[in-house]
Amino acid sequence: MAAPAKTGNLAEVQETLRKAGLRSTSARLAVIQFLRKATRPLSHAEVAAEMSPLGLDKATVFRNLNDLTEAGLLSRSELGDHVWRFELRDEKHSHGGGHPHFLCVDCGSVTCLPDALVSPRLKQKAEAVGRITEILVRGHCRKCVG
Ligand SMILES: [Zn+2]
Ligand SMILES: [Zn+2]
């Protein structure tokens, strides 16, 4: 059953924060609304660049990204290039490593891949080895292959 894509409205975001036990500050609302529009995980620098016209400095953005991650609203991934990237956690796959990502080793772009690509059998085998934190595909994106 596919859930319809949600378009972010303020009341919904405030409700999400309330459920997570966080105060809805303007910084948190802005960060979440921005991430709701994103179609790929974004780095702290990318989020901070977007928030700076709103008067939020990098440290504030960083603190809020961490608060939201700790509250379980965001997932944070490090895809082997030492950059933390943040994205909204989707309720459907909030465990077992979430959906896979494709990382281009040339330009560093990251693309979300559907969770359906990960077979239950693969997950089962991997979980027998250890706790999955990230499912990653690395390669050269179409833009870089040219
Ligand atoms: Zn690339
Ligand atoms: Zn993703």
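The values are calculated or read from the model by the stated rules, or taken from the named source; none is laboratory data. Note that the structure is a prediction, hence the values are computed from the model and not measured. Every residue, glycine as well, gets a Cβ built from its backbone with ideal geometry; the counts of neighbours run over all protein chains shown.
The table for this structure:
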| item | result |
| --- | --- |
| Close pairs (7 angstrom Cβ cut-off, 6 or more residues apart or separate chains): over 26 Å from K143 (Cβ atoms) and buried (at least 17 other Cβ atoms within 10 Å of the Cβ) in the range 90-104, modelled with pLDDT of 60 or more and polar (S, T, N, Q) anywhere | G97/T133 |
| Residues located in the range 5-27, provided they are farther than 29 Å from I135 by Cα and either assigned to a helix (DSSP H, G or I) or assigned by TED's automatic domain parsing to the domain that holds H101 (or both) | L10, A11, E12, Q14, E15, R18, S26, A27 |
| Test: residue in the range 53-62 that is surrounded by 15 or more Cβ atoms within 10 Å (Cβ to Cβ), under 30 Å from T25 (Cβ atoms) and touching a Pro at 6+ places or on another chain (Cβ under 8 Å) | no |
| Candidates L79, L65, filtered to the one that is under 17 Å from S26 (Cα atoms), without any contact (Cβ under 8 Å) to a residue 60 or more places away in the chain and within 14 Å of the chain's Cα centre (by Cα) | L65 |
| Some residue of the range 113-133 being of a type outside the set (A, V, I, L, M, F, W, C) and touching a Leu at 6+ places or on another chain (Cβ under 9 Å) | no |
